[in-house]
Amino acid sequence: MSADLDIDAWLDELGYALAESRRRARAALEEAGLTRAGKQRMSVEKQQRAQELLATRFFRHCPQPDCTAFAQRSGREPIPCEPRSTCERCGGSDNQRAVTELVELCARRGFRKLVVVGGSPAVREELQRLVDGKLELRLVDGTHHRPVDRANADLEWADLCLLWGATELHHKVSMQYTNAVPALKRKILHVPKRGIAQLLASAVESLRQSKR
């Protein structure tokens, strides 16, 4: 059995499945002497060099405007990808795209600490996974009593606090935050939507409109 790679199949896996994207990727490989026109296979010994070359040369992006714009600012040559899961900015995920947008905007605003009150345990776990290491995150169970001093401590610590309505968020819990002093209440954003992407998109929209 040959240990060589099928070049087109390999490029498809990397996200260069669109005809023009594949053509540009192959041209880069040919310019570097890693393959030649018309050749269908490449030795596995060249695979790492070829992949590093493409990663240095191109920024793969999906059709989302923010991902396209980010690719254009990346310092590499933007190249449309397929499948969308190979997008270097969002990975083809609405949730991941929303996280990326929020993290980028928070960085520009000097924000680092985010409190989210509400959401089911499974959704909070997924949010933790998505945001882990990108922002400091404090997740509050919206079904358990939160003493007022703990709520105030959350608000004092946070740059932004999201009260996640339409999820598992009891009024007696959200009230501990909304009854805070005005200086702390400024940090609160009510989000009456369910999904992670909608939650974070609302936060992004609010921050863009806010002068804080």
Next on the checklist: With angles folded into 0 to 90 degrees, how steeply does helix 47-57 sit against the dominant principal axis of the chain? Use alpha carbons for both and round to 10.
Outcome noted: 60
Checklist entry - Ignoring any ligand, DNA or RNA, what whole percent of the accessible area of the chain comes from carbon and sulfur when the probe is 1.4 angstrom? => result 49
Item to check | Potential lengthening between GLN209 and ASP94 on full extension [0.36 nm per residue; Cα-Cα distance subtracted] | outcome: 39.2 nm
Checklist entry - Shape of the stretch 15-139 from its Cα gyration tensor (a ≥ b ≥ c, root eigenvalues): rounded if a/c is under 1.5, otherwise prolate when a/b > b/c, or oblate? => result prolate
Next on the checklist: Starting from the 7 Å offset along Cα-to-Cβ, what nm value, one decimal, do you get for the label separation of ARG108 and GLN47?
Outcome noted: 4.0
Next on the checklist: What does the net charge come to around TYR16 if you take all other residues with beta carbon closer than 10 Å to its beta carbon, with K and R at +1 and D and E at -1?
Outcome noted: 0
Checklist outcome for this item: The answer for the net charge of residues other than TYR177 whose Cβ lies under 14 angstrom from its Cβ, with Lys and Arg +1 and Asp and Glu -1, is +3
Item to check | Volume per residue of the C-alpha convex hull in the chain, rounded to whole Å³ | outcome: 138
Next on the checklist: Just to be sure I understand: of the beta bridges DSSP finds with both ends in the chain, what percent are antiparallel, rounded to 5?
Outcome noted: 10
Checklist entry - With a sphere of radius 10 Å drawn around the Cβ of ARG41, what net charge do the other residues whose Cβ falls strictly inside it have (Lys, Arg +1; Asp, Glu -1)? => result -2
Item to check | R0 of 22 Å, Cβ-Cβ distance THR68-ARG23: FRET efficiency to nearest 0.05 | outcome: 0.70
Item to check | Nearest-0.05 FRET efficiency for ARG57 and GLU136, computed from C-beta distance (R0 45 Å) | outcome: 0.80
Next on the checklist: At 222 nm, what value in deg cm²/dmol follows for the chain if DSSP H runs of at least 4 each add -39500 (n - 2.57) and the sum is divided by all its residues, to the nearest 500?
Outcome noted: -14500 deg cm²/dmol
Checklist outcome for this item: the stretch 45-95 and the stretch 181-212 have their Cα centres apart by a whole-number Å value of 30
Item to check | Å² per residue, accessible surface of the stretch 116-168 at 1.4 Å | outcome: 46
Checklist entry - Amide H to amide H under 5 Å from GLY165: which residues, 5+ apart in sequence or cross-chain, H placed 1.01 Å off N in plane? => result VAL191, LYS193
Checklist entry - Which residue fluctuates the most in the chain, going by a Gaussian network model with Cα springs under 10 Å, if the choices are PRO182, PRO83, PRO192? => result PRO182
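The values are calculated or read from the model by the stated rules, or taken from the named source; none is laboratory data. Please read all numbers here as calculations on a predicted model, not as lab measurements. Cβ sites come from the backbone with ideal geometry, for glycine too, and all protein chains shown count toward neighbours. Surface accessibility is based on the protein's heavy atoms, side chains included, excluding ligands, DNA and RNA. Shrake-Rupley method; radii C 1.70, N 1.55, O 1.52, S 1.80 Å.
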